[in-house]
Amino acid sequence: MASAHAKRKRPGEIMRTLAMGLWLPAIFLAGLLFSFLLAFHNPTPHHIDVAVAAPPATTAQLQHQLDTALPGSFTLRPVDSAAEARSAVLNQDAVAAFVPSPHHPQLYGAKADGAAMETIIRQALTSAAQKPGATVAFNELVSTRPGDSLGISPLYLLMGCTLPVYFLVVAMQRAVGFSRRAHVATMVGGGAVVALACYLTGAYGMDAIPQHPLALLYLFLLTQAVSLTSYGFVPFLGPFFPGAAVTLFILLGVSSSGCSVPVDLLPGFFRFLHPILPMGNAADALRDVSYFDSRLLGRPTAVLCAWIAAGAALIVLGYLKQLRRLVREAQAGITEYVPVPPAEDPTVELPEPVALPPHRHHFGEQLPILTGRVSGLAGEPLSATITVTDPHGRQLVRTRTDHNGEYAATGFHDGFAIVVAGAPGRQPAASRLLLSPATPVNQDFILTPGQQAVPGRTGSHRATTISHDRGAAVRTG
């Protein structure tokens, strides 16, 4: 079986092909330069809250010293006692606490808020409050877990939950025979497996996160927020959905997560994204469960669930969009028979239509959506040309049968297509089929030497054959 006839490409077509092949690497390059590098190259404190156990006048004087050295870096808040200052750190009302004293000033911090944050606070407040003969003593209130000495292990667990489910969505676009419901069920089940693997590794293997069911829950919610929303992008963005998913959930998600660099040290754009994107909220939830007695889970829970709901809404809207397109195609085509669109309408296939060799489908290769055999009246195989067009006449794929008269093709989007079989000295035959990756179609043709094409049997219950002598649609199968 031969492939479609090759054509010499014009310069404009070459540039378009290059653009289609290079746009995703270009997004990665831009993300690495303007997302990771911009976010992490110069961590700077921005209005970090510090509780100060001192009278307002003393606090104001210290605030002035800090503003002179590092304008806009710290916001000092006076409290009544050292105990109240320490409670502010433990309750996440402040990032650090300072207790001035003529001879033994005390600084309290939480490494769980980020090792880089703790280092900057110690340097800034020690420099501003240091007096001759006095040394600022640092007290650790909330240390990190034994398996997470730098406080960044959750980043790798969150990436472990994000990347596999994103690639699972990509793989589902090639899952011939899977309905939309099967796609969603696969992503839910796959997300559960990914979340469980990350939880068991992080909690029991490395002691980087707590052995608490809430940690598992938030890892699972992250997988669903990423996978369902990415899957929901497909009907609207088609082959460009990876760009949106990679940008939102990986490039911007990692940069604004607050795992490698604490949120208060990030530039304003990334601080703005942190409470919006799924990874930042999952990171906050894990930190809260690990170190702060699950006090502030309301916002992370609401945001992650909102992303999941948005993904589900996109999937439903994509189904309705596809349903309307199928009805329009049916009404614009053969009107004597308008098939009811399938209830299990899967998402748009990303690959372009392409011919395949029959019976040679190894693991990892694309599976055929359309197959069939072309023969004569006596059943002898014919060397025939198979042309598949859309309802508007645009050619999708053109190929030839093999020595057994068989053909195969894949990569079709959901919708109607016209399949035409022709051979020298034979009457051509055409069938109008509803092709879908959820239900592979087999369409055979019998070509007669003369008067009329005789349609062959088909394994599809939705195929229609065009009879050339009557001009009417006949249901086959």
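The values are calculated or read from the model by the stated rules, or taken from the named source; none is laboratory data. Since this is a predicted model, take the numbers as computed values, not measurements. No Cβ is skipped: glycine too gets one built from the backbone with ideal geometry, and neighbour counts run over all protein chains shown. Quick note on the areas: whole protein, heavy atoms, side chains included, nothing else; ligands and nucleic acids left out. Shrake-Rupley method; radii C 1.70, N 1.55, O 1.52, S 1.80 Å.
Quick notes
- Test set (1) in contact with a Phe, Trp or Tyr (Cβ under 7 Å, 6 or more places away or on another chain); (2) modelled with pLDDT under 90; (3) open to solvent by 70 Å² or more (accessible area, probe 1.4 Å) - A112 fails condition number: (3)
- Conditions (1) in a helix (DSSP H, G or I); (2) open to solvent by less than 10 Å² (accessible area, probe 1.4 Å); (3) over 30 Å from V246 (Cα atoms): number failed by T68: (2)
- Residue-level check: of (1) farther than 20 Å from E380 by Cβ; (2) at pLDDT 90 or above, H413 misses just (2).
- Of V142, V170, all but one fail to be touching a residue at least 40 places away in the same chain (Cβ under 8 Å), surrounded by fewer than 20 Cβ atoms within 10 Å (Cβ to Cβ), β-branched (V, I, T) and touching a Lys or Arg at 6+ places or on another chain (Cβ under 7 Å); the exception is V142.
- Of the residues making up the range 173-206, those that are open to solvent by 50 Å² or more (accessible area, probe 1.4 Å) and over 20 Å from the mean Cα position of the chain (by Cα) are L200, T201, Y204, G205, M206.
- The range 176-284 holds helices (runs of 4 or more DSSP H) entirely within its bounds, and those carrying 1 or more residues that are among the polar types (S, T, N, Q) map to 180-199, 213-237, 252-255.
- Selection count, the range 409-442, where residues are in contact (Cβ under 8 Å) with a residue 60 or more places away in the chain and either touching a helix residue (DSSP H, G or I) at 6+ places or on another chain (Cβ under 7 Å) or not aromatic (F, W, Y) (or both): 17
- Extreme residue, surrounded by the fewest Cβ atoms within 10 Å (Cβ to Cβ), among residues of the range 145-167 that are hydrophobic (A, V, I, L, M, F, W, C) and closer than 28 Å to E118 by Cα: L150
- Residue pairs meeting the criteria (Cβ under 6 Å; at least 6 apart or on separate chains; first free of Cβ contacts under 8 Å to residues at least 60 places away in the same chain, in the range 290-305; second open to solvent by less than 50 Å² (accessible area, probe 1.4 Å) and part of a helix (DSSP H, G or I)): V303/N281
- Selection within the range 239-285 - open to solvent by less than 20 Å² (accessible area, probe 1.4 Å) and over 21 Å from the mean Cα position of the chain (by Cα): V261, P262, L265, L266
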